[in-house]
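All of the numbers you see were taken from the coordinates with simple rules; none came from a lab. Since the structure is predicted, the reported quantities are computational estimates derived from the model, not experimental observations. A quick note on method: Cβ atoms are made from the backbone with ideal geometry, for glycine too, and the neighbour counts reach across all protein chains shown.
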Amino acid sequence: MKTIFLFFCLFFINLNVHFAQRLVVNAETNKLEYANGKQFVWIGDTAWELFHKLDEKEAQYYLKNRAEKGFTVIQAVVLAENNGLRAPNSYGHVPFENLDPTKPNESYFEHVDFIVNQAEKLGLFIAILPTWGDKVYSENPGAGPIIFNKENAKVFGEFLGKRYKDKPIIWILGGDRNIANEEVLEIWRAMAKGLKNGDQGKHLISYHPRGGSVSSYWLHNENWLDFNMYQSGHEKPFNGVYKYAEKLQFLNPKKPFVEGEPAYEDIPVRFWDFMDFSQYSDKRVPSGTLSADGIIKNRAHFKAGFFTGYDSRVFAYWNLLSGTAGYTYGNNAVWQMFKKRGEIAIPCLTDWKEALDRPGAADMQHVRDLFESRPLSKLIPDQSIIYGKNPEDKNHLRAAGSTDESFALIYAAVGQEITLVMGKVKGDQIKAWWYNPRNGETKSIGEMENKGIKKFTPPTTGEENDWLLVLDELAAGYDEPGKWEK
């Protein structure tokens, strides 16, 4: 009898582990969740060159750092942007024999295996791009070369799908490229079909488009596209990222959507205006811009300045309060895994290892804590709670309520005064809190009457002084914002 009991215990443990490795779409909430129904909060990191640039020890260091900071998804590319077909990985291996996608190099993929397995041990999902978009024809050529057609794209997809079918994987096609024509669309369709054949449909698939673009424009009605992704890009601070979400939430059929690439912390604003991409590495900027190590020493060259961790926070809350199923942070040195005196894609303020602990990355833990402490699956955007004018600049307020009217969240990017139409949360009396996105601390405002028009003044004001106002139904019994069972 004890043997039978032990068998069933192990069976259910293994079943829960299996479900924890899979994500599904909840059609009712239009959010992502674990296959066992548990809430999933997508807090991603952009690590495009992870498989290509880091050795085993470095990869372990990176993944441990991200797990400790509360990230849940790591976005990385098998065939990387920075000459990923010809330039070998840390162990001297290239992905294919003779640039042929039907002839994978086992040694190269054993290193990918190692990183995927390490991520699994830490409870992280890897959002794998099979290839960067420059390996397929586009109107924005890159290092390439272009190697894919319908036939070999399907074969490569099946190879990857089968190899990682039992791993915590999310598939992302594209890779910073839009779809140029019908022939290109057929290639991506073939790769998606191959992935689904290989992994027996176990993993979700999306598509990463170019900056300022949304996957839905070309692909919303594709049956293989499980959720949409957009890239708001690196154009300006206080970019209206919520506008993408506002359009996506009204599309049919309903599909979740994720911000897959906002402005990276430490990247120059509109970097393309100050670089010559016809040149290679450090030659893309004038002599004297970089130190001997390849680090930016003349910041004045990038006249529009740099994005900061504050920008990353603003975009995170603006996105998530607009109905996204997730948000992906990025750092300029981390995405390219820049090493001193190494190859440069876009000049950096630090190397990749120092960049891991930049303020914006640490802030993502507080983002996750907040949305773990209130059910993201119930969250619905609701700008009607905002009373009066709501400009589309740094003074923009972003608000969301909940399907059961048990809570509401309002974000003030510059600590501006918030005037609300009360009654969006149930109850004659409600409880209010200030949540500090910079350190995860809370300040209780107390209980109050839930009617009329009320003004709320954040504890501090000005840029870098963002605050989140939390309103709770008393009967809901919520703990203070940011507190949840980890």
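In straight Cα distance, which aspartates and glutamates are under 14 Å from LYS394, not counting same-chain residues fewer than 8 positions off?
Straight-line reach from LYS394, under 14 Å: ASP311, GLU417, GLU463, GLU464, ASP466.
Counting Lys and Arg as +1 and Asp and Glu as -1, each charge on the Cβ, what is the dipole of the chain about the Cα centre in debye, to the nearest 20?
Values: 58 positive and 63 negative charges, 59 e Å.
Charge dipole of the chain: 280 debye, to the nearest 20.
Which far-off residues, 5 or more places away or on another chain, put their amide H under 5 Å from the one on PHE96, with H placed in the peptide plane?
ASN105
Loop-only chymotrypsin sites (Phe, Trp or Tyr not before Pro) in the stretch 210-257, please: DSSP not H, G, I, E or B, and at most 12 other Cβ atoms within 10 Å.
Working: sites: TYR217, TRP218, TRP224, PHE227, TYR230, PHE238, TYR242, TYR244, PHE250, PHE257; in loops: TRP224, PHE227, PHE238, PHE250.
Here the chymotrypsin sites (Phe, Trp or Tyr not before Pro) that fit, given the DSSP loop and packing criteria, are PHE250.
Could you tell me how many degrees, from 0 to 90 and to the nearest 10, lie between the Cα long axis of helix 106-121 and the main elongation axis, the longest principal axis, of the Cα atoms of the chain?
Helix 106-121 and the main axis of the chain meet at about 20 degrees.
Note the direction-averaged projected area, equal to a quarter of the hull surface, for the Cα convex hull of the stretch 41-373, in nm². Walk me through the numbers on the way to the answer.
Values: hull surface 61.1 nm².
Taking the Cα atoms of the stretch 41-373, their convex hull projects to 15.3 nm² on average.
What does the charge count near GLU480 come to, summing +1 for each Lys or Arg and -1 for each Asp or Glu among other residues with Cβ under 14 Å from its Cβ?
On the way: positive: ARG374, LYS431, LYS443, LYS483; negative: ASP369, GLU372, GLU441, GLU447, ASP472, ASP479, GLU485.
Within the 14 Å Cβ shell, the charges total -3.
For MET275, MET448, which order do you get if you count the other beta carbons within 10 Å of each Cβ and list the fewest first? Please report the intermediate quantities before stating the final value.
On the way: MET275 21, MET448 14.
Ordered from fewest to most neighbouring Cβ atoms within 10 Å, MET275, MET448 come out as MET448, MET275.
Find the centroid of the Cα atoms in the stretch 429-481 and in the stretch 76-111, then give the distance between the two in whole Å.
The stretch 429-481 and the stretch 76-111 have Cα centres spaced 50 Å from each other.
Show the residues, 5+ positions off or on another chain, whose built amide H is closer than 5 Å to the amide H of ILE445.
Answer set, sorted by chain and number: ALA432, TRP433, TRP434.
Given the pairs LYS150/LYS196; LYS165/LYS193; LYS426/LYS486, which are separated by over 20 angstrom at their Cα positions? Don't jump to the answer; show the numbers that get you there.
Numbers: LYS150/LYS196 15 Å; LYS165/LYS193 14 Å; LYS426/LYS486 28 Å.
Beyond 20 Å between Cα atoms: LYS426/LYS486.
Using θ = phi - 60° and the Karplus relation 6.51 cos²θ - 1.76 cosθ + 1.60, list the HN-Hα couplings for the stretch 299-312 in order, rounded to whole Hz, with x at every Gly or Pro.
Along the stretch 299-312, the couplings run 5, 5, 4, 8, 5, 8, x, 10, 6, 10, x, 4, 4, 4 Hz.
With a cap of 13 neighbouring Cβ atoms within 10 Å, and only residues DSSP puts in a loop, list the trypsin sites (Lys or Arg not before Pro) found in the stretch 404-485.
Numbers: sites: LYS424, LYS426, LYS431, ARG438, LYS443, LYS451, LYS454, LYS455, LYS483; in loops: LYS424, LYS426, ARG438, LYS451, LYS483.
Hits after loop and neighbour filter: LYS451.
Which entries of LYS254/LYS378; LYS31/LYS154; LYS236/LYS443 show an alpha-carbon separation above 20 angstrom in the structure shown?
On the way: LYS254/LYS378 16 Å; LYS31/LYS154 28 Å; LYS236/LYS443 31 Å.
Going by Cα-Cα distance, LYS31/LYS154; LYS236/LYS443 fall outside the 20 Å limit.
Please list 3J(HN,Hα) in residue order for the stretch 267-278, calculated via the Karplus relation 6.51 cos²θ - 1.76 cosθ + 1.60 where θ = phi - 60°; whole Hz, with x for glycine and proline.
3J(HN,Hα) across the stretch 267-278, in whole Hz: 8, x, 5, 6, 3, 5, 6, 10, 9, 10, 7, 7.
Viscosity 0.890 mPa s, temperature 25 °C: what is the translational diffusion coefficient of the stretch 108-219 from Stokes-Einstein with a Kirkwood Rh over Cα pairs, rounded to a whole number of µm²/s? It would help to have the intermediate numbers written out before the result.
Numbers: Rh = 14.3 Å.
My calculation gives 172 µm²/s for D.
Given N residues in the stretch 300-346, what is its alpha carbon radius of gyration divided by 2.2 N^0.38 Å?
Values: Rg = 14.0 Å, N = 47, 2.2 N^0.38 = 9.5 Å.
Normalised Rg, Cα atoms only: 1.48.
Name the residues whose placed amide hydrogens come within less than 5 Å of the amide hydrogen of GLY326, ignoring near sequence neighbours (fewer than 5 apart) on the same chain.
Close amide H contacts, sequence-distant or interchain: GLU259.
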